[in-house]
2 protein chains.
Amino acid sequence: MITKRSTINDVARLAGVSIKTVSRVFNREPNVRQSTRDKVIAAAETLNYRPNRSARQLASNLTFVIGMLYDNPNSDYVTEVQYGCLQVCREYGYNLLIHPCQADSPDLIDEIGGLQHQVDGFIVLQPVSDDQRLNQLLLENNIACVRVSQRPFEEFPWISVGDKEAADQMTEYLLDLGHRRVGFIIGHPDHGSSHDRLAGYRSALKRRDIRYDENLVAQGRFDLESGLSCARKLLSSTSRPTAIFASNDPMAMGVLSAAHEFGLDVPRQLSVAGFDDSPLARHAWPPLTTVRQPITEVARLATNVLMQQLQGRSEGDSNHRLQAELVCRASTGSPG
Amino acid sequence: MITKRSTINDVARLAGVSIKTVSRVFNREPNVRQSTRDKVIAAAETLNYRPNRSARQLASNLTFVIGMLYDNPNSDYVTEVQYGCLQVCREYGYNLLIHPCQADSPDLIDEIGGLQHQVDGFIVLQPVSDDQRLNQLLLENNIACVRVSQRPFEEFPWISVGDKEAADQMTEYLLDLGHRRVGFIIGHPDHGSSHDRLAGYRSALKRRDIRYDENLVAQGRFDLESGLSCARKLLSSTSRPTAIFASNDPMAMGVLSAAHEFGLDVPRQLSVAGFDDSPLARHAWPPLTTVRQPITEVARLATNVLMQQLQGRSEGDSNHRLQAELVCRASTGSPG
DNA sequence: TATAAAAATGACAGCGCTGTCAAAAGCGCA
DNA sequence: TGCGCTTTTGACAGCGCTGTCATTTTTATA
């Protein structure tokens, strides 16, 4: 049997107050006497009342939904971000609308334009967060958002992870192991973090007075196949590297495959390092030395910042920077 | 500058019709003259009108949102399902609300109970779809849903994938290669598909008149670690198997690691097969022979069936069965 | 041409809530 | 006790749409 869902009127009648008072209680507004509050809550409980979101949305012109914009082929990353975001959403009674999209799609702007009234704000992940048209759209329409990106855009709050520092650390770690020819595979050229990771690699070399050698660097695209072909190229060179640092884990997996092809033992003859600490990395053979990003933290933080924004409490400082961390496993060791 | 969003009234005024007619056009209702329809559409276009979902929801008592319930640690699977589901959702103007949950949580029922008014229906993935309390809740409250599961529940429509047949095929394939001692690692005991995959293994053995040997079978939990320990057990036995068929890819990765430990060459000394065709499988070394499930298809189908349901067009036959497919890669070969 | 039936359109209530503003109740203090 | 203040509560409009049902227009048929 389907019993009709109880409304604010039912609760008000049972509690002997006006519907407005019920509304106040459920919106945690001040200036409601405790005894009144209790009456209302009790009544709501007996009736198993739940506010009707649609009605609330219509009346308040709020959706209680936030949108998540992303174009990330890495499902582990996406899932983890979703998870962290949902945790915070639930605290605030918000729902999450996921919107995977193609950053290079010409329809992107229309698409998001249509979404804008369905959500109160957006969390925009890399690399979509670096799309200037999109940022402009959000800005012009005064849409609340938090960007996960390595670079600022206007006054938008943004969350960044110390990609450069982490890449620097990883490079330094490889140098500390005694490597002198450390290869590097750059990530997808459209991804902001690709540049930062490369910058980190370069800064560590520089600090150690090691010349940056273009022959040790190859341009990948963040997928295994590109990692494989880059590694083939690097390993075929006359002065082959004794370590290869790939800008993400799938590419590092490609390097591992190439090492197999070349009959190189990892890590004795070739050290391999990745970035992201995906499950892939843990499950590789040998398990991959990599960099762990605090993904859940990023997601939680981004969501919290957005919630603050939506509640009008915008912060002074709009950048929050988190640090990534080295995870040393068996794929790296001293050379020779 | 933020211009106020235009409403159905604006469109009606500009088109010179009543708001009800505008409503009809936007809901694709019949009985609107083409010329009227055109006028309305033109007016809507100039005003850049978009129906207000909240208002529509409130008035129609529909949410235009479907919920996706899952508890799946495999992010590739989840992401792919989300993707397929979203494709269909967009066609129908629906949004997707994801709700990862813990199948064994005591609060699950409350949680879903609270969600029920926020969505028009649910897509329930395994293993949540096999939770009897949840199914009962959905049934009692007459909530529309489509289950992705290997078994029926009452009259609910359900989508299943031929796990058993696929496992049978894979086993047969290994036998065809000449293996006589084929090990098997069972999946998580709470997962319906674990049983089916085991059943497929057994049926293939039986057809070939090969005795089912308990010593060749180990109980895993769908994760790499359990695959590793199961493989250690199987490989330590006096009559070690020449092939191991793990019920999913992470466990097969564990088997691969164990093979490394035991100094066994894959596939010359040990063939390894997985299930699911996760990216893991493609990226393993050697690349893993496995079973590909039509995940996107499952998701699309499930969503379509749900949409049919919501529109009152319930089908006669409520089960849709899709077939999985063998993917043969380099991790399997003839023994010896 | 008249008439019935079908198709197209509109008037209006109301979905369940929040915002606004006014009214009532409670409080401190002379 | 009464005054002015603050705190608490309520009445009511209206958010933008859809459902119902009445009305008008068109079409088919006699």
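The values are calculated or read from the model by the stated rules, or taken from the named source; none is laboratory data. Predicted model, so just to flag it, every value in this text is computed and none were measured. Note that we place each Cβ from the backbone using ideal geometry, even for glycine, and neighbour counts take in every protein chain shown.
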- Item | Number of positions in segment A:121-151 that are in contact with a Leu (Cβ under 6 Å, 6 or more places away or on another chain) and part of a helix (DSSP H, G or I) | 1
- Query: Going through segment B:253-268 one residue at a time, which ones are under 22 Å from B:LEU205 (Cβ atoms) and out of contact with any Ser or Thr (no Cβ under 7 Å at 6 or more places or on another chain)?
  - Reply: B:VAL255
- Query: Within segment A:232-244, can one find any residue that is modelled with pLDDT of 90 or more, surrounded by 21 or more Cβ atoms within 10 Å (Cβ to Cβ) and assigned to a helix (DSSP H, G or I)?
  - Reply: yes
- Hits in segment A:96-120 - residues which are more than 11 Å from chain B (Cβ to nearest Cβ), in a helix (DSSP H, G or I) and surrounded by 15 or more Cβ atoms within 10 Å (Cβ to Cβ): A:LEU108, A:ILE112
- Task: For segment B:23-53, name all the residues that are near DNA strand C (Cβ under 8 Å from one of its atoms) and either within 13 Å of chain A (Cβ to nearest Cβ) or among the aliphatic types (A, V, I, L, M) (or both).
- Result: B:VAL32
- Message: I'm told A:LEU58 meets every condition in (1) crowded, with 22+ Cβ neighbours inside 10 Å; (2) part of a helix (DSSP H, G or I) except one. Can you identify the failing condition by its number?
- Response: (1)
- Considering A:LEU96, A:LEU58, A:LEU62, which residue is more than 30 Å from the chain's Cα centre (by Cα) and either modelled with pLDDT under 95 or within 10 Å of DNA strand C (Cβ to nearest atom) (or both)? A:LEU58
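Could you please let me know if B:GLU172 is over 18 Å from the mean Cα position of the chain (by Cα) and not in a loop (DSSP other than H, G, I, E, B)? Outline the logic, then answer.
Values: over 18 Å from the mean Cα position of the chain (by Cα): yes; not in a loop (DSSP other than H, G, I, E, B): yes.
Yes, satisfied.
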- Task: Take the residues in segment A:54-67 that are more than 16 Å from DNA strand D (Cβ to nearest atom) and within 10 Å of another protein chain (Cβ to nearest Cβ), then tell me which one is farthest from B:LEU115 (Cα to Cα).
- Result: A:GLY67
- Note on the structure: Taking segment B:275-294 and the residues there that are in a loop (DSSP other than H, G, I, E, B) and in contact with a strand residue (DSSP E or B) (Cβ under 6 Å, 6 or more places away or on another chain), the one that is nearest to the other protein chains (Cβ to nearest Cβ) would be B:ASP277
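One line per residue, one yes/no per condition, for (1) of a type outside the set (Phe, Trp, Tyr); (2) buried (at least 19 other Cβ atoms within 10 Å of the Cβ):
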| position | (1), (2) |
| --- | --- |
| B:GLU91 | yes, no |
| B:TYR94 | no, yes |
| B:LEU125 | yes, yes |
| B:ASP131 | yes, yes |
- For A:TYR77, are the conditions met, namely being more than 14 Å from DNA strand D (Cβ to nearest atom), modelled with pLDDT under 90 and outside any loop (DSSP other than H, G, I, E, B)? yes
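Yes/no per residue for (1) out of contact with any Asp or Glu (no Cβ under 9 Å at 6 or more places or on another chain); (2) buried (at least 17 other Cβ atoms within 10 Å of the Cβ):
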{"site": "A:ASN9", "(1), (2)": "yes, no"}
{"site": "A:ALA12", "(1), (2)": "yes, yes"}
{"site": "A:ALA42", "(1), (2)": "yes, no"}
{"site": "A:PRO51", "(1), (2)": "yes, yes"}
{"site": "A:THR63", "(1), (2)": "no, yes"}
{"site": "A:ASN72", "(1), (2)": "yes, yes"}
{"site": "A:CYS85", "(1), (2)": "yes, yes"}
